[in-house]
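These notes concern the structure reproduced below.
The values are calculated or read from the model by the stated rules, or taken from the named source; none is laboratory data. Keep in mind that what you see is a predicted model, and the values were worked out from it rather than measured. Counting neighbours? That spans all protein chains shown, and the Cβs are built from the backbone with ideal geometry, glycine included. Note: areas computed on protein heavy atoms with side chains; ligands, DNA, RNA excluded. Shrake-Rupley method; radii C 1.70, N 1.55, O 1.52, S 1.80 Å.
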Amino acid sequence: MAIKGKRVLILATHGFEQSELEVPFKILKEAGATVDVVSPEKGEIKGWEHKDWGHPIKVDHTLDEISADDYDAIILPGGQINPDLLRVNDKALKLIRDFNAQKKTIAAVCHAPWLLIETALIKGRRCTSYKSIKTDVLNAGGKWEDSPVVVDKGIITSRNPGDLKVFSAKIIEEIAEGPHQQRSAA
């Protein structure tokens with residue numbers, strides 16, 4: 001398998017877009033990775049599916065129990081609620097910055113580029129996002145594109161649930177390549 005033995009962290013809290021957590025989780029596990037759901041909360045977190053609450057997902061570890069040293073990549077699912085709650089969580093932001101400092105794969109879909117804005121990782125990078133936050137990305141200095149998936153020095157962004165297969169495939173490819181030494185720390 002392409003990423004057998006690699007460890008991937010999905011950072012989420014209540015209000016994550018259901019498919020944006022579940023689809024990459026399933027595809028990366030099938031590719032051989034160990035995938036953990038990490039959240040500020042213990043127990044379970046509830047997703048958002050279409051126009052109402054989805055179903056809960058078990059949290060494997062809290063932010064206090066892990067570090068970027070433990071993983072090869074981090075995935076940031078979107079939805080409107082999830083990244084909005086996480087972008088005011090100092091521990092979540094520090095974790096994302098730590099992944100960047102270690103030049104490890106960071107993947108954000110839909111509204112999750114808000115977290116890349118908050119951590120100052122979007123500035124000067126090619127990226128994409130859900131169309132409603134395009135102006136936020138541009139105002140933060142990102143170079144926004146309307147593409148299913150965009151990669152810039154190990155940071156992967158994608159637009160929406162319709163792009164999850166290509167997004168997940170790109171995550172696998174980037175993890176297999178390993179750390180990106182040309183990436184500058186924020």
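Values for this structure:
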quantity: Accessible area of the chain divided out per residue, in Å², using a probe of 1.4 angstrom; calculated: 45 Å²
quantity: Sorted largest first, extent of the stretch 62-151 alpha carbons per principal axis (Å); calculated: 36, 26, 20
quantity: Segment His61-Arg126, length gained on full extension (0.36 nm per residue, minus Cα span); calculated: 20.3 nm
quantity: Set of the stretch 106-147 residues, backbone N closer than 18 Å to the point 7 Å along the Cα-Cβ line of Gln80; calculated: 109-115, 129-137
quantity: Fraction of the pair-distance distribution of the stretch 32-89 above 19 Å, Cα-Cα pairs, percent; calculated: 33 percent
quantity: Answer label, with P(r) over Cα pairs in 10 Å bins from 0, in percent calculated from the coordinates and candidates [x] 9, 32, 37, 18, 3, 0; [y] 10, 37, 35, 15, 3, 0; [z] 10, 43, 39, 7, 0; calculated: [z]
quantity: Table column - 3J(HN,Hα) (Hz), the stretch 44-58, Karplus curve with 6.51, -1.76, 1.60, x for Gly and Pro; calculated: 9, 10, 9, x, 10, 10, 6, 10, 7, 4, x, 10, x, 10, 6
quantity: The chain, accessible surface, carbon-and-sulfur percent (1.4 angstrom probe); calculated: 50 percent
quantity: Helical contribution to [θ] at 222 nm, DSSP H n ≥ 4, -39,500 (n - 2.57), averaged over the chain, rounded to 500; calculated: -9000 deg cm²/dmol
quantity: Cα gyration tensor category, rounded, prolate or oblate, for the stretch 1-104 with a/c compared to 1.5; calculated: oblate
